[in-house]
Every structure is written in C-alpha cells, then in structure tokens.
Amino acid sequence: MTTTTLAELAALVGAELRGLDPAAAAELEIDGVAALRDAGPSELSFLVDPRYAGELEGTRAAAVLLRPDQAALAGALPTLVLEDPSGAVDRLASALAPRTEGPAPGVHPSAVVDPTATLGQGVAVGPLASVGPGASLGDGVIVHAGAVVGEGATVGVGTVLHPRVVLYPHVEVGARCVLHAGVVVGSGGFGFAPTEAGWVPIPQSGTTILGDDVELGANTAVDCARLGATRVGNGVKVDNLVHVAHNVQIGDHSLIVAQSGVAGSARLGRGVVLAGQVGINGHVTLGDGVRVGGKSAVFKDVPAGREVLGIPATDKRAAIRNMRTMPRLHELERRVRELESRLEERGDSA
Amino acid sequence: MTTTTLAELAALVGAELRGLDPAAAAELEIDGVAALRDAGPSELSFLVDPRYAGELEGTRAAAVLLRPDQAALAGALPTLVLEDPSGAVDRLASALAPRTEGPAPGVHPSAVVDPTATLGQGVAVGPLASVGPGASLGDGVIVHAGAVVGEGATVGVGTVLHPRVVLYPHVEVGARCVLHAGVVVGSGGFGFAPTEAGWVPIPQSGTTILGDDVELGANTAVDCARLGATRVGNGVKVDNLVHVAHNVQIGDHSLIVAQSGVAGSARLGRGVVLAGQVGINGHVTLGDGVRVGGKSAVFKDVPAGREVLGIPATDKRAAIRNMRTMPRLHELERRVRELESRLEERGDSA
Amino acid sequence: MTTTTLAELAALVGAELRGLDPAAAAELEIDGVAALRDAGPSELSFLVDPRYAGELEGTRAAAVLLRPDQAALAGALPTLVLEDPSGAVDRLASALAPRTEGPAPGVHPSAVVDPTATLGQGVAVGPLASVGPGASLGDGVIVHAGAVVGEGATVGVGTVLHPRVVLYPHVEVGARCVLHAGVVVGSGGFGFAPTEAGWVPIPQSGTTILGDDVELGANTAVDCARLGATRVGNGVKVDNLVHVAHNVQIGDHSLIVAQSGVAGSARLGRGVVLAGQVGINGHVTLGDGVRVGGKSAVFKDVPAGREVLGIPATDKRAAIRNMRTMPRLHELERRVRELESRLEERGDSA
C-alpha cells in the first residue's frame, strides 16, 4: 500500500470534507479503502446502500464517503461528501494500491523468442517467457514471466498474458484480452472412440479463437476443436477454473462464473450468464440471454431469455419452489403413508 | 490453416467427385472441414447421420462428403462420394491443419537438464523446460516449453509433456502418454490429522504411477499416495481440471470427463466411465465397467457393470424417473395437502 | 524406493520382531509400506482397525505391524509388535521413500531474481524461477523450478513454493506455507458491471494475504480483493483445484477439500470444513466450526457449529433423510395418484 493524506484524496475525487478541520486532514495518512466493518483507522470507507447505515456506528474508518442526502447519517464521523461514492471508491483504491510496473517494453534477456516471431510496437516479453516460431504479438501485448506462446499463435493488440499462460500452436487471441495465470488455450479436445483395444483418440485438428476483450480467469482451460474452431465471442468474461470443451461456441458478452464447464459442441448465445459450478451438456444450445443458476446441470436446449436452475435445470421459479419443498420430502412420504392407512381403514370399515 | 485443392483432397481419400467438373475442382482452394451449418465457401462438410440431411440445403460448403447410398441427398451440391465419410473427415482435417513442428530433438539451450538425468534417443527438451537430477526420459519423449520434470521421475517411450506440465520427484509416467498443459502429477496428498494445535499433516510418502497410453487434460492434478502409489491404469483418458486424490487406483481403459474428482483411496475398476463434474467419495469402490452420469456424487460402492446417476448416485433408470418427477414436487405436496383436507372433511362428515 | 532390512526397520521404530529368526530378518530387504491387500513380498503392512483382521490371511506382506494385544491375530506371519503401529507406519514410509534433495540454497544460475528483491538466509531459488522487483523471501524459503514471485510480493520464513506457483504482485504469504504446483495467488477478482457496451471491469485494487501454515493444493486459485484483502487464515488447508474469490475471508484452521469454490465476499469462520465440490454463494457467512457435506451448495448464512448438506444445503440429518427418500420420489407420485383416484371413486360412490 502507498499512502497519501485525506486532504489529497478528497481533492482527487472532488469531495467536500466535513467533520474534520483542514489542517488535520492534511496530516492524516490514508493507506486503503475497505468496507465499514473491516476498515481500520488509516483507511477510508463508504456507504452506498442505506441498509448498512447501522455499520457507521462501529466503524474505525478514518472517514466515510457519503452522498449529500445521506451525509447526516455519519454523525460525528469525518465524511467526504460527493455525488457518487461508489465510483469514487474505485478511483481512491486505485490511487492507494501499490504501483506495479510489470515487464518493460522489449524482450527480457532470459526470454526465448523465436526469430521468426513477429512483435508489434511496445510489446513486453517478461523473464523466462517463450514465444514460438511464426507467432505474432500485436502492439502493446504484455507476455508475463513464464508464459508460453505456441508456434503460429496470434495475439491481438493490447492483450495481457499473465504468468504461465499457455497458448497452444496456432490459436488466435483477440485484442485487449486478459488471460490470468495458468490459463491454457487450445489444448487437445477430449474425443476418443471406443474399440476392442481401448479408447482411440479422435484427431483434434481444429483450433481455438478468442474474440476481443475476452477475460479468462486463473487456471481456466479452453480446448481446441475437432474440426473448425472452438470460439469465445467478443467481450466474454470467464472466471477461474472453468472448462470449455472442443467445438464449443460462446456468444458475445456472455459471462461464466468459476468452476463451470461447457461440454463438447455446446452453443451459448449472446449475453448468456452461467453462475458458479454449472455444467452444460454436450451439443446443448442456450439461446441469447439465458441465465443458469449456480450448481445447475443443463441437459437440454434452453430458449432465449429463459432463466433456469437445478439438476436437471428447469424454469428457475418452478425450480426454486421445488427446492424449497425438498426439505419436507421425507415428511411428505410419511404423510402419504398416513393417508394410505387412513384410507385403508375406512375401506375396511366401509 | 494450409490450403489445397478440392481435386487433391478427393484423391487423398479416394473419393469420387460429383457435381463439379474436374478443372474447376483442380482450382478450388479448400482450407478446412466444418459442420454443415458452420462451413464456409472454402470448406468441406459431410453428412453421416441422415437426420441432419435437412442441413444440406442451406450449407455454404464448397462440397460435401457422402456415402454412395446417400449421394442423391446432395442435389446440385458438389459431392465427394466414398464409403466412410466419417473417417475421411479426420484425414482431411489433419491434412488441412497447420503444421506444428514442436521442439526439435535435442535440448534447447535455454532448458536446464541436470547432468545426472538420462535421456533416450531422439528426446526433445523445449525452451525453458527443466529436468531434475536422476530423471529418466525414454526414447522419443517430448518435453515442451516450461515443463518441469522432478528429480528421479521416469517418463516412458514416446510420451509428450505439454508446456508447463509438472512431474513431482520420483513419479513414474508410462509410454505414449499425453499430458496436457498445466498437468500436475505427484503433488502431496491432502491428509491432515486434527489436533488441539490445528491440522497436522499426515506424511505423504508414496508416489504416483501412470500406466501406458494415459492422457491427462489441461490443469488436471493427480496426487501422490500416503503409502505405496496412486495408480492410473493403461489406456486411461482423463479430461481437463480433474482431481485424482492420494492412493486412488484407476483401472485400465477408464475414462474421466472434465472437472470430476476422485477422493482419497477410491478404487475404479477397468473401463469405468465418469461423465463431467462427478464426485467419487473417499474409499468407495466402483466395479469394472461402471458408468456414472454427469454431476453425480457417488457415496457408496457400485457393483460392476452398473450405470448410476444422481446426488447421491443410484440406479440410472430409477434416477432419471425421479429427476423427471422433481419438477412436480411442489405440486405433489399441494396434492397431498388437498387429499388430507378432503379426507378430513369426509372424516367430519362421516 | 530405497531399501533396508527388516531388522533395521524393527530397530528404527523400537518394535519386537516375532515369527522370524533374527538372521533372516537381517537379510530380508524391505522397500515399502502398503495396505494389507496391496502389499507385496518386499513390503511391510499393518493392522490398526481390527475390522480388517480378515485381510491378514491373504496378505503377501513380508511382515505386519501390530499392537501387542492384537499380535495373536497374525498367526504364522512375521510381525513387528509395538504400541503405535499407525505412527510407526509413517516413520517407516518416510525412511523408505526415495530421497529428494530439492533446490540447493542459493539462486540457480538460470533463475531470474531482480536485484531489488530481498532474500533471507538459506533461501533456495530453483531453475528457471523468477522473483520480481522488491519481492521479499524470508529465511529458508524454497522457490521451486519455474515458480513466479511477482514484484513486491512477500513470502514468510520456511515457506515452500512448488514448481510453477504464481504469486501476483504485492500478495503476502505467511510463514511455513506449502503452495503446490500450479497454485495462483492474487489473480484479478471477477467483477464486472453490466453496461450497454458489455461487461465493464470493476477495478480490483486489493490484495491477497495468506496466514502462516497455510497449504494450497495443486492448481488452486485465490483471487485478490476489490478493496482491502482476500484473507486466508493461519493453519488453513486447501486441497487441489479450489477457487477462492475476491474479498473472501477464511478463518483460522479451516479445511477445504478439492474442487470446492467460495464466491466473492463470503466469510468462513474458524475451523470450517468444506468437503469436496462444495459451492459457497457470494456474501454468505459460515459461523465457526460449520461443516458442509460433499457436493453441497450453500446459498444462505449458516450459524456456528452446524452441519449442512444438499443443494441447497440444509441441516445435515434432515438432508440425509430427504436424500434417502429421493429414490422413491417417482413411486411417491404414483401413490398420490392412486390415493386421488381411490378418493375420487369413493366420492362418486358416496
């Protein structure tokens, strides 16, 4: 953490300082931003949702960001009053975060860049990274320490490959992508034919194509296609430890939360959202804007715009009703048994 | 993609060209193979399953592979007629895929190979890979960029370690295995004893042994054993992001789909198939040929040959029936309530 | 495996040798320890739980460790009699395990350590590892081959970073931690705001702080915080392929089994145990000592000391009862239908 004074930070975001005299604010060192209940005496905090106003009382924060109409809630606490506390929080946190230089433009002497690779303007290749024959890195690409760019792979302008990313040969990564540490793009699709002699690999001759502005989380893996390409559309955001199988097609601006898996040849439309630990069966199609709840398993096509949940996934509202009934299932069986015996008795007595 | 002409490709797979004159075919450049609905005008496509014959109409493919008895379906489309379109597709796709050289035999100058390591004939060690003391690499082994072979580890003839694979010390990998990028073999098993002072590690003194012809997907992890060895049998195929815990035994020719996990000391027989995101409890035994459906959790032993599904996993047919009933569970409770009140009323009126 | 004689091993653990004459024991080479049904003729085995006494009969082990009160069970088998077979097993297995030297203290010539980094006494930096500007490694830290320590990151005394671990810039790792191969600490949290133009990243300005004695399994990923820090407490043990999202707080001595995921801003108390493949929803709080069963999804806060299970997770005992009823759900619906028609008939006949 770097530090700066409360007065400087108030000026940075154009906030009005209340509850503290300017001289004190000019000397109060601040080193972070945190939630009300976590903040310490050298940190700022903030209130956006008035439901949490109760936490203002116990906070140890040096000062609190508040909207003008909520400023009175702070009581005697020093406050920074401004129209958009939420936006200011991110600016302040960025200002206070430690500086990270990253690899400087140029190729680190320990990196191995094949002479037939093409590097754009301002490309930075970090320590012990490797760039294969015929690979192409667009302007401003950053290849962090230990990343591996396979032969013939192409990386678009401004993309960042974090440490130990692996691009298999000939994959295509768009512009302004962020691939986090340990990401693998283009690994062999999982296809085997059963024979008397065991599983025989089905050749995976295709490739993987990521659009522009794609983000892939740590240790996520996207396989190549058997034929053609596994495609991840523009603006798609993928969390950590996600599996994308061979020939999957993911539409633009979809979002996939951690540990979800999309099986072979499944197709996700535009703006699809998968919550965490979701599984999508092979060859299934999800229409545009489909939303799948956490831990669901989707075995069938889902039409555009639907929200689904459960194992197997069904309409979300119905699934919630059924999930809420589950805790009474054992009791329900008992009630049925009782009904049966009452009816039996009456039958006998009839 | 490399390109070649339609005439050359027809000759390559011994197909009869129909619907296009030979001179045109000799000039028509083809650069890929794709599904009917995906193929563009410079790509081939194919029909194997007649249910998809309807897609022939709208395809933009340059030509379509068909069996003689289905050739008429293509109408005016140029066709390559041959007995086995499915097999030909893979040969054509391989022919059209861009060439990948991989690391040349020998040790790249940037790699670090301990002088006490043993390298067979034609071994290739790529850039920035490391091979520890006493490690042994069989003939034709390929160690891709950034992979790490621990001290004393042994790797069988013809095995390929993709970029950033890690073999812990003393693990044994068989012949002709393929370990995809980010695979970890031999990491410490997860065993801790609860004490007053917290969790105390149980020593994991064993190793990990992979048979021949094993494939492990990207970022999959196989732990070492507490005692003896975690064993993965011959011909076992494992997908991406799979977890195999300490002392697990996996029988020959089993297949494990992505994101499944097998807990400590579980035993899988020969030819077991786990679909995606399956969990196998510790110490559970699955008999030969057991098949577990997607997203299941297996808490108990399963006899040979059975198919199971669900959380907890039970007989597959019964589980499907029960899963299909689930969407009506809430309604079922309402029906029971109604039965109860009807019976109550009658009781009153009786 | 290294080998030594049965007589030497008996002496090592202070066991009394029975059923074999000392001269023979002094010549019998032993190379491992294994379970009764797995052990071969050059291995030792053991019995702790008398329920497995039946396995003594068929074992091929060279000798068996037994408590004095159970020694008679071994019949004619050579035995090592001692008070604590379980503890002795680990000592014997460690003695028999192959020696692993690991990287020697000092910096391997192929490693890249920035001149502004600070290294304590006895630090070992292995081949092709990289340590960034301003990073700080405490006494005795081991950085294995290919690991990447980001700029400004700090690593406590005695911590081991296995091959290809990645620490993002400025993260803090405590003392005596073990981070297995492929672990990523401090990757960007997954936060995006929906806009007309697609998902806009929410700045993730915070960091990640791991306490002392933390263990993280292979390919596990722990994200940095949006603000402040993602925190993993002292003595926390985490298995392979686990996901810990931004701003998560994990209390001391918690334990998380493989492939579980903890979503953003969730809080786990002290001594929480998550079994395998569990999902914890964002912003959920689990009290001290909460235990979550395998494959569960926790959508709501759980008070201290509770055991929960299921999707969604509810009280464990009730959940087990309901899970056991599930296999009869389809049948239950049939029974309700039958009740309805019987009542209908009676209604008609009434």
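The values are calculated or read from the model by the stated rules, or taken from the named source; none is laboratory data. What you see is a predicted model; the values in this text were computed from it and never measured. Note: ideal-geometry Cβ built from the backbone for every residue, glycine included; neighbour counts use all protein chains shown. Areas reflect the complete protein model, heavy atoms only, side chains present, ligands, DNA and RNA absent. Shrake-Rupley method; radii C 1.70, N 1.55, O 1.52, S 1.80 Å.
Just need a number here: residues in the range C:79-101 that are part of a helix (DSSP H, G or I) and of a type in the set (Ser, Thr, Tyr).
Adding up the residues that qualify gives 2.
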Open item on the list: Among the residues of the range C:35-54, what is the count of those that are closer than 20 Å to C:Glu83 by Cα and out of contact with any strand residue (DSSP E or B) (no Cβ under 7 Å at 6 or more places or on another chain)?
Closed with: 6
- [ ] Inspect all residues belonging to the range A:166-175 and state whether any of them is closer than 23 Å to B:Val214 by Cβ and part of a loop (DSSP other than H, G, I, E, B).
- [x] yes
Open item on the list: Could you go through the range A:87-109 and let me know if any residue there is over 30 Å from A:Gly158 (Cβ atoms) and at pLDDT 85 or above.
Closed with: no
Open item on the list: Condition first: surrounded by 24 or more Cβ atoms within 10 Å (Cβ to Cβ), farther than 14 Å from C:Pro103 by Cβ and within 12 Å of chain A (Cβ to nearest Cβ). Now tell me which residues in the range C:150-163 satisfy that.
Closed with: C:Gly150, C:Ala153
Open item on the list: A:Arg99 - would you say it is surrounded by fewer than 17 Cβ atoms within 10 Å (Cβ to Cβ), touching a helix residue (DSSP H, G or I) at 6+ places or on another chain (Cβ under 8 Å) and within 13 Å of chain C (Cβ to nearest Cβ)?
Closed with: no
TODO: Filter the range A:203-213 down to residues that are open to solvent by 30 Å² or more (accessible area, probe 1.4 Å) and farther than 14 Å from A:Asp223 by Cα and give me whichever is farthest from the other protein chains (Cβ to nearest Cβ).
DONE: A:Asp212
Open item on the list: Step by step: first the residues of the range C:164-180, then only those that are open to solvent by less than 30 Å² (accessible area, probe 1.4 Å) and at the interface with chain A (Cβ under 10 Å from one of its Cβ atoms), then the one that is farthest from B:Gly182 (Cα to Cα). Which residue is that?
Closed with: C:Tyr168
Task: Unmet requirement for B:Pro327, which otherwise passes all of (1) modelled with pLDDT of 95 or more; (2) not in a loop (DSSP other than H, G, I, E, B) - done: (1)
Open item on the list: On the basis of being more than 9 Å from every other protein chain (Cβ to nearest Cβ) and at positive phi, does C:Gly289 make the cut?
Closed with: yes
TODO: Just name the residue that is farthest from B:Pro127 (Cα to Cα) out of those in the range A:126-148 that are facing another protein chain (nearest Cβ under 8 Å) and not in a loop (DSSP other than H, G, I, E, B).
DONE: A:Val148
Open item on the list: Against the definition (more than 23 Å from B:Leu167 (Cβ to Cβ) and touching an Asp or Glu at 6+ places or on another chain (Cβ under 7 Å)), how does C:Gly122 come out, yes or no?
Closed with: yes
Open item on the list: Given (1) under 30 Å from B:Arg267 (Cβ atoms); (2) of a type in the set (Ser, Thr, Tyr); (3) open to solvent by 40 Å² or more (accessible area, probe 1.4 Å), identify the lone condition not met by B:Ser341.
Closed with: (1)
- [ ] Taking the residues in the range A:28-54 that are closer than 22 Å to C:Thr230 by Cβ and more than 29 Å from the chain's Cα centre (by Cα) as candidates, determine which candidate is most open to solvent (accessible area, probe 1.4 Å).
- [x] A:Pro41
Task: When residues of the range C:107-118 are limited to those that are within 11 Å of chain A (Cβ to nearest Cβ) and small (Gly, Ala, Ser), the one surrounded by the fewest Cβ atoms within 10 Å (Cβ to Cβ) - done: C:Ser110
- [ ] Run A:Gly198 past the list (1) surrounded by fewer than 24 Cβ atoms within 10 Å (Cβ to Cβ); (2) among the small types (Gly, Ala, Ser); (3) within 29 Å of B:His108 (Cβ to Cβ) and report the number of the one that doesn't hold.
- [x] (3)
Open item on the list: So the check is Cβ under 8 Å with 6+ separation or different chains; which pairs have a first residue in the range B:41-65 that's of a type in the set (Lys, Arg) and a second one that's in a loop (DSSP other than H, G, I, E, B)?
Closed with: B:Arg60/B:Ala39; B:Arg60/B:Gly40; B:Arg60/B:Pro41
- [ ] From the list C:Ala104, C:Ala193, pick out the single residue that is more than 8 Å from chain A (Cβ to nearest Cβ), open to solvent by 20 Å² or more (accessible area, probe 1.4 Å) and either under 30 Å from A:Ser86 (Cβ atoms) or in a strand (DSSP E or B) (or both).
- [x] C:Ala193
Task: Test for C:Ala304: is it within 44 Å of the chain's Cα centre (by Cα), open to solvent by 40 Å² or more (accessible area, probe 1.4 Å) and more than 7 Å from every other protein chain (Cβ to nearest Cβ) - done: yes
TODO: Just give me the residues in the range A:219-265 being touching a residue at least 40 places away in the same chain (Cβ under 8 Å), at the interface with chain C (Cβ under 10 Å from one of its Cβ atoms) and surrounded by 24 or more Cβ atoms within 10 Å (Cβ to Cβ), in sequence order.
DONE: A:Thr220, A:Asn240, A:Ala258
Task: All positions within the range A:266-295 that are closer than 20 Å to A:Gly235 by Cα, in a loop (DSSP other than H, G, I, E, B) and open to solvent by 10 Å² or more (accessible area, probe 1.4 Å) - done: A:Gly269, A:Arg270, A:Gly271, A:Ala275, A:Gly276, A:Gly287, A:Asp288, A:Gly289
- [ ] Determine if the range C:311-325 includes at least one residue that is among the small types (Gly, Ala, Ser), touching a helix residue (DSSP H, G or I) at 6+ places or on another chain (Cβ under 6 Å) and within 15 Å of B:Phe299 (Cβ to Cβ).
- [x] no
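Residues are listed down the side, and each one gets a yes or a no for (1) in contact with a His (Cβ under 8 Å, 6 or more places away or on another chain); (2) in contact (Cβ under 8 Å) with a residue 24 or more places away in the chain; (3) among the polar types (S, T, N, Q):
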position: B:Gly106; (1), (2), (3): no, no, no
position: B:Pro109; (1), (2), (3): no, no, no
position: B:Gln121; (1), (2), (3): no, no, yes
position: B:Pro133; (1), (2), (3): no, no, no
position: B:His144; (1), (2), (3): yes, yes, no
position: B:Val155; (1), (2), (3): no, no, no
position: B:Gly158; (1), (2), (3): no, no, no
position: B:Pro163; (1), (2), (3): yes, yes, no
position: B:Pro169; (1), (2), (3): no, yes, no
Open item on the list: Given the options B:Ala71, B:Ala7, name the one that is more than 29 Å from the chain's Cα centre (by Cα), among the aliphatic types (A, V, I, L, M), in a helix (DSSP H, G or I) and at pLDDT below 90.
Closed with: B:Ala71
Open item on the list: If I ask for residues that are in contact with a Leu (Cβ under 7 Å, 6 or more places away or on another chain), open to solvent by less than 30 Å² (accessible area, probe 1.4 Å) and within 13 Å of A:Thr159 (Cα to Cα), which ones from the range A:119-139 would you list?
Closed with: A:Gly120, A:Val123, A:Leu137
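Does A:Arg324 satisfy the condition of being facing chain B (nearest Cβ under 9 Å) and either open to solvent by 60 Å² or more (accessible area, probe 1.4 Å) or at negative phi (or both)? Walk me through it before giving the result.
On the way: facing chain B (nearest Cβ under 9 Å): yes; either open to solvent by 60 Å² or more (accessible area, probe 1.4 Å) or at negative phi (or both): yes.
Answer is yes for this residue.
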Task: Matching residues in the range A:55-68 - criterion: being under 17 Å from A:Arg18 (Cβ atoms) and under 32 Å from the mean Cα position of the chain (by Cα) - done: A:Leu56, A:Thr59, A:Ala61, A:Ala62, A:Ala63, A:Val64, A:Leu65, A:Leu66, A:Arg67
